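Step one of this worksheet: look at the structure below.
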Amino acid sequence: MGVIKAAIGDALLTFMWVFSASTLGIGTSAVASALGVVHPMASLFITTALLFVLLFVFGILSDVLGGASFNPTGIAAFYAAGFGSDSLVSAAVRFPAQAVGAVGGAIAIMEVIPSHYRHMVGGPSLKVDVHTGAIAEGVLTFIMSFIVFVVLLRGPKNSFVKNWLLAISTVTLVIIGSSYTGPSMNPANAFGWAYTNNLHNTWEQFYVYWISPFIGAILAAWIFRAVFPPQVKPKKQPKAKKN
């Protein structure tokens, strides 16, 4: 029952994430227009600030939903690093739930978004050959996963600072990967948008947006464990008995 509850929470959270995150471009444009901002760096700051708010809100929603996640690579990475309570069985149930939630989020936002904003809403797309795209998506997911480990487990304790660091890292990697794969760094999100375009059952989708990110995330987990091995508490010595 716990696994089913976790899967339902994942589906709901992923639905809300895909629905909300896909409007970041629209939100940035609206805020920039309202403030009269034209400089590209100012627009990047607005995008980062909006993503920071999203990450903060979704952190709260995740706790409300019992630790729900909207990214399969996160579950895989924390499992590989030995953190969390997931097993291969629970992961096998949660991954499809996240994919279903992503499909629902992508379909829902396309149904309600005004027609003049449709060109600003969409998912990742492959802009290079498939092998280059797979390498790019794997490397970007590796970097992002490692940053997540460092920020969440070794970084500052202040949640505002943590979310700001994650927002900056995400925006930076998205810019770097924009000419390669989008990028996604989230197989569920990529699947949701691929489904709306009837590209979800292609080898390129599976290879670039599922296999490579999982490899990158798991490698990041292993390297993090090697660089920051878990601290083992010394065993208490038994007290000597008094004669």
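The values are calculated or read from the model by the stated rules, or taken from the named source; none is laboratory data. Keep in mind the model is a prediction, meaning the values are calculated, not measured. Every residue, glycine among them, receives a Cβ derived from its backbone with ideal geometry; neighbour counts consider all protein chains shown. All accessible areas refer to the heavy atoms of the entire protein, side chains included, with ligands and DNA or RNA removed. Shrake-Rupley method; radii C 1.70, N 1.55, O 1.52, S 1.80 Å.
Highest average first, the peptides 116-122, 155-161 ordered by how many other beta carbon atoms sit within 10 Å of their residues are 116-122, 155-161. Our helix-only sum for the chain, with -39,500 (n - 2.57) per DSSP H run of n ≥ 4 divided by its residues, gives a mean residue ellipticity at 222 nm of -22000 deg cm²/dmol.
Since only N201, S22, A49 are under comparison, the one whose Cα sits farthest along the positive direction of the charge dipole of the stretch 3-227, derived from C-beta charges on Lys, Arg, Asp and Glu, is A49.
Relative to the compact-globule estimate of 2.2 N^0.38 Å, the Cα radius of gyration of the stretch 135-227 comes out at 1.15.
Using a probe of 1.4 angstrom and keeping all protein chains present, the accessible surface of the stretch 3-227 works out to 49 square angstrom per residue.
Working ranking of peptides 49-57, 37-45 by packing, defined as the average number of other Cβ atoms within 10 Å per residue, highest first, is 49-57, 37-45. Pairs of lysines in the chain whose Cα atoms sit within less than 30 Å of one another amount to 8, provided the residues are eight or more positions apart or on different chains. Projected label points at Y117 and E204, each 7 Å from Cα along the beta carbon direction, are separated by 2.9 nanometres.
Ligands, DNA and RNA left out, the 1.4 Å accessible surface of the chain is 69% carbon and sulfur atoms.
For the stretch 1-76, the calculated P(r), taken from all Cα-Cα distances in 10 Å bins from zero up to the bin holding the longest distance, is 18, 41, 24, 14, 3, 0 percent.
Descending by average beta-carbon neighbour count within 10 Å, the peptides 14-20, 124-130 line up as 14-20, 124-130, the highest first. Taking the charge dipole of the chain about its Cα centre, with +1 at Lys and Arg Cβ atoms and -1 at Asp and Glu Cβ atoms, the residue from G66, M144, P114 reaching farthest to the positive side is G66.
Sorted largest first, the spans of the alpha carbon positions of the stretch 88-163 along the three principal axes are 44, 34, 32 Å. Taking all Cα pairs closer than 8 Å and separated by 6 or more residues, the relative contact order of the chain comes to 29 percent. Coupling constants for the stretch 152-159 follow from the phi torsions by the Karplus curve (6.51 cos²θ - 1.76 cosθ + 1.60, θ = phi - 60°), and in residue order they are 6, 9, 10, x, x, 7, 5, 5 Hz; glycine and proline get x. Per residue, the average separation of C-alpha pairs within less than 8 Å and at least 6 apart gives the stretch 1-116 a relative contact order of 49 percent.
For the stretch 20-174, the orientation-averaged shadow of the C-alpha convex hull comes to 11.0 nm² (one quarter of the hull surface).
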